[in-house]
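Questions regarding the structure given below will be posed in turn.
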Amino acid sequence: MSHPPIPTVSLLRGDGIGPEITDAALAIVEAAGAQLRYEEVPAGESALRTEGTPLPERTLASIERNRVALKGPLSTPKGEGFRSVNVALRQHFDLYANVRPSRTLPGVPSRYQGIDIVIVRENTEDIYAGIEHFVGPGRSAAESIAIITRVGSERIVRYAFEYARKHGRNKVTLVHKANILKMSNGLFLEVGRAVAADYPEIAFVDVIVDAACMMLVTAPERFDVIVTTNLFGDILSDLVAGLVGGLGVSPGANLGERAAIFEAVHGTAPDIAGRGVANPTALTLAGAMMLDHLGQTTAAERVRQAVYAALQDERLRTPDLGGRGDTRTFTRGVIALMK
Ligand code: NAD
């Protein structure tokens with residue numbers, strides 16, 4: 001009997017806590033029986049030091065070739081400094097859909113129960129298109145331009161509805177600010193309404209972003225799939241991560257026709273980097289999303305079930321979740337639960 005070829009995944013360990021949580025995620029994914037080869041490539045601050053650029057050509061070439069990457073968080077300097085490598089990767093590979101699922105996890109302390117929300121964030125347009133400049137003498141003003149296109153809006157809203165259909169979800173909420181940003185967000189909403197008409201079996205509502213924030217903290221169970229523009233999606237996904245226990249547990253996937261990059265929603269956590277206490281859950285669950293993407297669904301489910309079980313044990317959970325464990329004890333605990 002012939003076996004399917006073992007896929008090669010580009011591996012970007014990331015900055016800050018990136019290398020620590022990547023080691024943990026790889027160990028758990030391997031213990032679950034995943035069949036993967038890794039091609040490690042440099043990116044971020046460490047690449048800037050060793051290669052003179054935060055996003056070397058060979059890293060892009062590796063992702064282009066393998067079409068799948070697992071990526072630790074990468075730091076982006078505030079204000080001056082190099083451009084966000086995350087944004088550059090999303091734009092280079094046209095990874096237009098950023099899918100960020102967050103659900104209540106048994107045992108994880110949080111203010112809410114029964115949350116199961118997937119944010120589908122448009123990932124290449126809006127104010128993150130990177131079109132910014134200073135205006136006037138002495139940098140007296142600055143201008144950032146938000147670009148929203150009909151094509152970009154159509155494909156992300158369609159992606160959200162297709163996702164809902166495939167995963168048996170029954171509601172899509174489009175979050176926007178079309179009352180003020182009448183053209184850009186007005187276009188997004190207009191296209192969203194037209195696409196929704198093709199999916200009569202899935203409920204569709206639109207909500208203004210400020211009201212959506214209020215509703216997310218007062219009645220989060222009213223949300224199922226959320227589709228939104230780049231900036232709002234960035235902010236709302238941290239908010240929703242907070243509803244289920246914090247940034248340490250929320251994974252994400254950046255998807256397009258040419259490649260798929262899996263990562264945690266959180267950043268490099270410089271405040272705890274190198275201390276061995278980082279929570280590897282989000283990146284590990286991103287690894288499970290990657291296994292699903294590669295058709296290795298049994299291994300993906302083994303990862304998820306073992307992580308969910310370990311999270312119920314206070315001795316294993318990391319301190320961000322009120323636990324007494326650390327990265328190593330949690331990782332060992334997850335692996336032990338798979339045996
Ligand atoms: P952050 O997500 O790194 O940290 C916010 C808070 O959450 C910190 O207190 C941190 O300790 C905690 N935290 C985050 N992940 C955790 C984990 N796995 N375990 C335990 N605690 C965790 O956000 P920030 O401090 O605003 O950003 C730091 C850097 O990360 C910045 O350079 C930013 O640009 C970058 N960033 C990268 C990505 C990415 O690569 N996708 C995403 C967000 C931020």
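Inspect the range 113-126 for any residue being closer than 24 Å to ALA278 by Cβ and part of a loop (DSSP other than H, G, I, E, B) and give the result as yes or no.
Yes, the range 113-126 contains at least one residue that is closer than 24 Å to ALA278 by Cβ and part of a loop (DSSP other than H, G, I, E, B).
From the list PHE82, PHE134, which one is over 23 Å from LEU283 (Cα atoms) and within 14 Å of the ligand (Cβ to nearest atom)? Even if it seems obvious, please write down each step before you answer.
Numbers: PHE134 fails: within 14 Å of the ligand (Cβ to nearest atom).
Exactly one of PHE82, PHE134 is over 23 Å from LEU283 (Cα atoms) and within 14 Å of the ligand (Cβ to nearest atom), namely PHE82.
Quick one: which of ALA300, ALA260, ALA269, ALA273 is out of contact with any Ser or Thr (no Cβ under 7 Å at 6 or more places or on another chain) and either within 20 Å of ALA97 (Cα to Cα) or without any contact (Cβ under 8 Å) to a residue 40 or more places away in the chain (or both)?
Working: ALA300 fails: either within 20 Å of ALA97 (Cα to Cα) or without any contact (Cβ under 8 Å) to a residue 40 or more places away in the chain (or both); ALA269 fails: either within 20 Å of ALA97 (Cα to Cα) or without any contact (Cβ under 8 Å) to a residue 40 or more places away in the chain (or both); ALA273 fails: either within 20 Å of ALA97 (Cα to Cα) or without any contact (Cβ under 8 Å) to a residue 40 or more places away in the chain (or both).
Within the list ALA300, ALA260, ALA269, ALA273, the selection yields ALA260.
A follow-up question, please. Among the residues of the range 252-261 satisfying the criterion of being within 11 Å of the ligand (Cβ to nearest atom) and under 8 Å from the mean Cα position of the chain (by Cα), which is surrounded by the fewest Cβ atoms within 10 Å (Cβ to Cβ)? Spell out the reasoning first.
Applying the first criterion (within 11 Å of the ligand (Cβ to nearest atom)) to the range 252-261 yields 252, 254, 261.
Those left that are additionally under 8 Å from the mean Cα position of the chain (by Cα): 252, 254.
Details: GLY252: 27, ASN254: 24.
Checking each candidate, the answer is ASN254.
Identify all residues within the range 68-85 that are of a type outside the set (S, T, N, Q) and either crowded, with 20+ Cβ neighbours inside 10 Å or free of Cβ contacts under 8 Å to residues at least 24 places away in the same chain (or both); write none if there are none. Give the steps one after another, and end with the answer.
Quick first cut of the range 68-85, residues of a type outside the set (S, T, N, Q) only: 68-74, 77-83, 85.
If the condition is that a residue be of a type outside the set (S, T, N, Q) and either crowded, with 20+ Cβ neighbours inside 10 Å or free of Cβ contacts under 8 Å to residues at least 24 places away in the same chain (or both), then ALA69, LEU70, LYS71, GLY72, PRO73, LEU74, PRO77, LYS78, GLY79, GLU80, GLY81, VAL85 are the ones that fit.
Need the failing condition index for PHE134 against (1) closer than 23 Å to THR268 by Cα; (2) in the same structural domain as GLY168 (by TED's automatic domain parsing); (3) aromatic (Phe, Trp, Tyr), just the number.
Of (1) closer than 23 Å to THR268 by Cα; (2) in the same structural domain as GLY168 (by TED's automatic domain parsing); (3) aromatic (Phe, Trp, Tyr), only one is false for PHE134: (1).
With PRO109, PRO73 as the choices, which residue is in a loop (DSSP other than H, G, I, E, B), more than 12 Å from the ligand (Cβ to nearest atom) and over 18 Å from ASP292 (Cα atoms)? Reasoning before the result, please.
Working: PRO73 fails: more than 12 Å from the ligand (Cβ to nearest atom).
Only one candidate qualifies: PRO109.
How many residues, within the range 185-224, are crowded, with 19+ Cβ neighbours inside 10 Å and more than 26 Å from ILE127 (Cα to Cα)?
1
Does at least one position in the range 207-215 carry a residue that is under 16 Å from ARG158 (Cβ atoms), more than 16 Å from the ligand (Cβ to nearest atom) and either without any contact (Cβ under 8 Å) to a residue 12 or more places away in the chain or among the β-branched types (Val, Ile, Thr) (or both)?
Of the range 207-215, the ones under 16 Å from ARG158 (Cβ atoms) are none.
There is no residue in the range 207-215 that is under 16 Å from ARG158 (Cβ atoms), more than 16 Å from the ligand (Cβ to nearest atom) and either without any contact (Cβ under 8 Å) to a residue 12 or more places away in the chain or among the β-branched types (Val, Ile, Thr) (or both).
If we scan the range 276-285, do we find a residue that is surrounded by 18 or more Cβ atoms within 10 Å (Cβ to Cβ), among the polar types (S, T, N, Q), within 10 Å of the ligand (Cβ to nearest atom) and in a loop (DSSP other than H, G, I, E, B)?
Yes, there is a match, as at least one residue in the range 276-285 is surrounded by 18 or more Cβ atoms within 10 Å (Cβ to Cβ), among the polar types (S, T, N, Q), within 10 Å of the ligand (Cβ to nearest atom) and in a loop (DSSP other than H, G, I, E, B).
Considering only the range 278-290, I want to know if a residue exists there that is more than 22 Å from TYR159 (Cα to Cα), at pLDDT below 95 and not assigned by TED's automatic domain parsing to the domain that holds GLY152.
So in the range 278-290, the residues more than 22 Å from TYR159 (Cα to Cα) come out as 278-284.
With at pLDDT below 95 added as a condition, the list becomes none.
No; the residues of the range 278-290 include none that is more than 22 Å from TYR159 (Cα to Cα), at pLDDT below 95 and not assigned by TED's automatic domain parsing to the domain that holds GLY152.
Out of (1) surrounded by fewer than 18 Cβ atoms within 10 Å (Cβ to Cβ); (2) closer than 20 Å to HIS266 by Cβ, what's the single condition that is false for LEU316?
(1)
Of everything in the range 85-105, what is part of a strand (DSSP E or B) and either within 11 Å of the ligand (Cβ to nearest atom) or touching a Lys or Arg at 6+ places or on another chain (Cβ under 7 Å) (or both)? Give them in sequence order.
Taking the range 85-105 as the starting set, the residues that turn out to be part of a strand (DSSP E or B) are 97-103.
Scanning the range 85-105 gives ASN98, ARG100.
Would you call LEU12 surrounded by 19 or more Cβ atoms within 10 Å (Cβ to Cβ), of a type outside the set (Gly, Ala, Ser) and touching a strand residue (DSSP E or B) at 6+ places or on another chain (Cβ under 6 Å)? Before the answer, list the steps.
Details: surrounded by 19 or more Cβ atoms within 10 Å (Cβ to Cβ): yes; of a type outside the set (Gly, Ala, Ser): yes; touching a strand residue (DSSP E or B) at 6+ places or on another chain (Cβ under 6 Å): yes.
It is true that LEU12 is surrounded by 19 or more Cβ atoms within 10 Å (Cβ to Cβ), of a type outside the set (Gly, Ala, Ser) and touching a strand residue (DSSP E or B) at 6+ places or on another chain (Cβ under 6 Å).
The values are calculated or read from the model by the stated rules, or taken from the named source; none is laboratory data. Since the model is a prediction, treat every value here as computed from it, not as a measurement. Glycine also receives a Cβ, built like all others from the backbone with ideal geometry; neighbour counts cover every protein chain displayed.
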